[in-house]
Amino acid sequence: MRRILLLCFLLMSALPALATAPGWQTDPERAFARARETQRPLFLYLEARWCHWCHVMQQETLSDPAVRAELSRHYVVLKVDHDANPLLANRYRDYGWPALIFFDADGREIVKRAGHIAAADFLRLLQAIVRDPSPEALAGIAPVVPAATPVLAATARAQLLRRHEQSYDARLGGLATAQKFIDRDSVEYALEHAAEPRERRKASQTLDAAQALIDPVWGGAYQYSTGGNWQQPHYEKIMRSQAGVLRSYALAWARLQRPSDLRAAQAMRDYLLGFLRDPGGGFYVSQDADLVQGRKAGDYFRLDDAGRRALGLPRIDRSLYADASGQAAEALALLYETSGDAAALEAALAAGRWLQRERLGKDGSYRHGARDDGLRFLNDTLAPARAFLALYRVTADRIWLTRATAAADAIRLRFSAQPAGFLTASAAGSPVAPLPDLSENIAAARLFNLLQHYSGRPQDAAAAALAMRYLAADAIIDQAFEEAGILLAADELAQPPLHLVVVGAKQDSNARALFDAALRAPGSYKRLEWWDPAEGPLPHADVQYPRFARAAAYVCSAGRCSTPSFEAARYREAIARLQAGGR
């Protein structure tokens, strides 16, 4: 009887909290419609499933009885996982995770806050908005007026180069920010200019320091470190970071030939294949920072494999999104390109086939998740397109070029913004209007520009120019954090890629050796082709190659080619001579 009475007491004690629990919405369109109907402000809680401070916010702030009551009484509340909705994630990326965004009943932004807020402070914020829902006075972003041409102006280039130099942490490596991480484009820019001693030092110093973010037990990279040093990691492992770090170390191995870079790339591969790979071939999106949500896991990650597994694994988000699988496939294909890693290529090919089988829509675009709700996000087609082009580059299988061009066509039709750039989503009727995203437009400019050299299609060149005119706009140049990415895109649009061609039968072992030599050539901006005459002309047959009785390889530029190389060693020497002299 005592147990029954105690249970009844506990249930009665919980009733007030249950009665005031806010009715969390998960569909943005319905939530904004509900706000208009009720004339209530809307609170968007944009969380990440892997995020420690999101767990703390949920447990300590949003579970507080007074906060719950205030939300229930005065607000429409919307909770969205940022990995599930790239439109919102890109729009409010600057506000961290969790991002706390308040809108009035008509969908206008009132207040934006970044990160965890304690319950008492959050309650005061909720009450203040109810009293006065007028928007905060925020420093506005200048409207983006596209550049007149896709060619980066000399003054803009100088400004970006100055910022690239000033943003570097010469003492510790990486960017001079409170959070230390590998900025993929900054490292890639430094590697592309490694003939300059200072840029070579930047790349080497950053990559050496960032080894502290690679899990020594399971591989994979922690997202970043706080405190302005590399020794205080946040332990979440998210696909965007994994792919970027793998790409950086793979490119570094090709360029610098340091075994430490190859080992780091292999550790990234081991984590992707061992933890984030779905049996069907796709890739999961993330692994949590915490073993116990809301409790920091530093002691856990200091354990060895057996010690960790005895306690359990941090939760893996097994959502299968097209962008994450495309990012993984592209990075793994690059690891194969630079090192000949057969397991990486097998996984990249499987991911490419999975994307075709599981995420391809009728119009050629790729849906985010398994359910086709008509909503499309740019990176769900952009990341696969980049992966397909990478797979064509390393396999010379024309089906991947066909898939890359089809995805590129879908991007142009679905996401082109006017007068320049590409929108982060195609979302008719979305309560939050999609805008161009800077990093996605950098990726789009680079994709379309490289693709036009493989395809010969003028529409690909026009699409590259469309993205570059957005990137070259004064408003973007003035505020861009990602100056290295803009510089990479501008440099690539200004010149043709290194063009390496092998002519010979696909079954010919010497042709295979020549193609492998071309693959191992350092650099990310390359056009690699293997022409087997039995397959018919190359898709962009802009060079006429002589036919020999044996396999031959060429280094080409501006429609003209070197004398043929018939041995892999001689071909490597020819490529090295050209690269040493500058393209």
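Listing for the model above:
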item: Flag if R73 is under 19 Å from the mean Cα position of the chain (by Cα) and open to solvent by 50 Å² or more (accessible area, probe 1.4 Å); result: no
item: Search result, residues across segment 90-100 that are open to solvent by less than 10 Å² (accessible area, probe 1.4 Å) and of a type outside the set (F, W, Y); result: P98, A99, L100
item: One residue from R162, R184 being basic (K, R) and without any contact (Cβ under 8 Å) to a residue 24 or more places away in the chain; result: R162
item: Verdict on A513 being free of Cβ contacts under 8 Å to residues at least 60 places away in the same chain, hydrophobic (A, V, I, L, M, F, W, C) and either in contact with a Cys (Cβ under 9 Å, 6 or more places away or on another chain) or surrounded by fewer than 23 Cβ atoms within 10 Å (Cβ to Cβ) (or both); result: yes
item: Among the candidates G559, G504, residue that is in contact (Cβ under 8 Å) with a residue 12 or more places away in the chain, surrounded by 21 or more Cβ atoms within 10 Å (Cβ to Cβ) and more than 25 Å from G421 (Cβ to Cβ); result: G504
item: Hits in segment 540-583 (condition: modelled with pLDDT under 95 and farther than 18 Å from L498 by Cβ); result: A541, Q544, P546, R547, F548, A549
item: Filter result (among the basic types (K, R) and over 20 Å from A212 (Cα atoms)) within segment 267-308; result: R277, R295
item: Single residue of L528, L578 found to be of a type outside the set (K, R), farther than 30 Å from A158 by Cβ, surrounded by fewer than 22 Cβ atoms within 10 Å (Cβ to Cβ) and within 34 Å of the chain's Cα centre (by Cα); result: L528
item: Segment 432-486, residues that are open to solvent by 10 Å² or more (accessible area, probe 1.4 Å), small (G, A, S) and in a helix (DSSP H, G or I); result: S439, A443, S455, A461, A462, A465, A475
item: Hits in segment 288-312 - residues which are assigned to a helix (DSSP H, G or I) and either within 28 Å of the chain's Cα centre (by Cα) or free of Cβ contacts under 8 Å to residues at least 60 places away in the same chain (or both); result: G298, D299, Y300, F301, A306, G307, R309, A310, L311
item: Complete set of residues in segment 348-378 that are open to solvent by 30 Å² or more (accessible area, probe 1.4 Å), more than 30 Å from F515 (Cα to Cα) and not in a strand (DSSP E or B); result: E358, K362, D363, R367, A370, R371, D372, D373, G374, L375
item: A390 vs. criteria part of a helix (DSSP H, G or I), in contact (Cβ under 8 Å) with a residue 24 or more places away in the chain, of a type outside the set (D, E, K, R) and open to solvent by less than 40 Å² (accessible area, probe 1.4 Å); result: yes
item: Odd one out for A195, checked against (1) part of a helix (DSSP H, G or I); (2) more than 22 Å from the chain's Cα centre (by Cα); (3) among the aliphatic types (A, V, I, L, M); result: (1)
item: Selected residue (only one of L213, L191 is closer than 29 Å to A467 by Cα and either out of contact with any His (no Cβ under 6 Å at 6 or more places or on another chain) or modelled with pLDDT of 95 or more (or both)); result: L191
item: Near pairs, Cβ below 8 angstrom, 6+ apart or cross-chain, from segment 332-344 (more than 12 Å from L528 (Cβ to Cβ)) to any residue that is hydroxyl-bearing (S, T, Y) and surrounded by 24 or more Cβ atoms within 10 Å (Cβ to Cβ); result: A342/Y336; A344/Y336
item: Leading residue by the ranking (farthest from R386 (Cα to Cα)) among those in segment 322-355 that are of a type in the set (D, E, K, R) and touching a helix residue (DSSP H, G or I) at 6+ places or on another chain (Cβ under 6 Å); result: D341
item: All positions within segment 185-211 that are out of contact with any Asp or Glu (no Cβ under 7 Å at 6 or more places or on another chain) and over 17 Å from R258 (Cα atoms); result: S186, Y189, E196, R198
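The values are calculated or read from the model by the stated rules, or taken from the named source; none is laboratory data. Given the structure is predicted, the values throughout are model-derived calculations rather than measurements. Here Cβ is always computed from backbone atoms with ideal geometry, including for glycine, and neighbour counts include all displayed protein chains. Please note that ligands, DNA and RNA were not included when accessible areas were found on the heavy atoms of the full protein model with its side chains. Shrake-Rupley method; radii C 1.70, N 1.55, O 1.52, S 1.80 Å.
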